[in-house]
């Protein structure tokens, strides 16, 4: 298992810290807006933020034309499906709980990479981490008491967020395996705008025409979320394209997301507070990532 260079590790940590703030921003925005339209507008703005850095509009359009299948595939997997499910799931469960469930995504990424990337197979540490992570998710899921009406709503939210992570895993594989001929910023600016447009398009028949008579809090959250997506996803695409960077090893750094995401939610959202089983689940998920990275920490060569 290759160890990430320090500069790539720092970039990965920075991206994950940015991502950890999105749970609070999404919960704030969803107080005023429907999920699909909120997500669609957010990602269209993200694409526009990136456009000046990706090149002139004719150059980006030429890139999209040349790599249309890849751009559309990533737009559907990374933005449209991931965030249609993510925002829907966020309407069903607490922001802190969502942060922890999404924090288990490295385990899903490891499984998908094992079957789709020839140099990224499962190992004993990965398998142990998988069992620990699934235990943590199971503890959290059962603690929501899915056999009662309110608990079932939250349980469904957990499943939807796990499905969102699954789509994101396939998107990561596509970027790492198939995107050698396209610059990361051009790929992200085009896919994120297209994915956002498709989300907004879907929102009209499902949710109606979006309104914009919202308080300032909504627009602050919207701008921050758009900026986070533009920066963090671009960093991730950049890292995924680097030689020797494995999908599973890179994504293990997402263990930072549940910890900081849950703490931010407990700190900034008045209706959320720590719960015993949620914290236990978080510990299992964190332990799973430590096991996953055991070889990098203790030994140099470990398959």
For residue 86: the one exception among (1) under 20 Å from residue 269 (Cβ atoms); (2) over 18 Å from the mean Cα position of the chain (by Cα); (3) part of a helix (DSSP H, G or I): (2)
Boolean, residue 281 is in contact with a helix residue (DSSP H, G or I) (Cβ under 6 Å, 6 or more places away or on another chain), part of a helix (DSSP H, G or I), on the phi < 0 side of the Ramachandran plot and modelled with pLDDT of 85 or more: no
Some residue of the stretch 22-31 being closer than 17 Å to residue 87 by Cβ, at pLDDT 90 or above, touching a helix residue (DSSP H, G or I) at 6+ places or on another chain (Cβ under 9 Å) and buried (at least 22 other Cβ atoms within 10 Å of the Cβ): yes
Failed item, numbered, when residue 168 is tested on (1) modelled with pLDDT under 75; (2) closer than 30 Å to residue 49 by Cα: (1)
Residues being modelled with pLDDT of 90 or more, in contact with a helix residue (DSSP H, G or I) (Cβ under 8 Å, 6 or more places away or on another chain) and either farther than 14 Å from residue 188 by Cβ or not in a helix (DSSP H, G or I) (or both) - total across the stretch 58-71: 1
Test: residue 50 is buried (at least 18 other Cβ atoms within 10 Å of the Cβ) and part of a helix (DSSP H, G or I): yes
Of all residues in the stretch 212-257 being more than 20 Å from the chain's Cα centre (by Cα) and either without any contact (Cβ under 8 Å) to a residue 60 or more places away in the chain or part of a helix (DSSP H, G or I) (or both), the one that is surrounded by the most Cβ atoms within 10 Å (Cβ to Cβ): 218
Any hit, the stretch 262-273, residues being under 30 Å from residue 124 (Cβ atoms), in a helix (DSSP H, G or I) and modelled with pLDDT of 70 or more: yes
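Which residue, of 14, 38, 86, is closer than 24 Å to residue 274 by Cβ and either touching a strand residue (DSSP E or B) at 6+ places or on another chain (Cβ under 8 Å) or in contact (Cβ under 8 Å) with a residue 24 or more places away in the chain (or both)?
Only one candidate qualifies: 86.
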Residue among 139, 101, 93 that alone is closer than 20 Å to residue 266 by Cβ and either modelled with pLDDT under 70 or not in a helix (DSSP H, G or I) (or both): 93
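The values are calculated or read from the model by the stated rules, or taken from the named source; none is laboratory data. As the structure is a computational prediction, the values presented were derived from the model and not from experiment. Note that we place each Cβ from the backbone using ideal geometry, even for glycine, and neighbour counts take in every protein chain shown.
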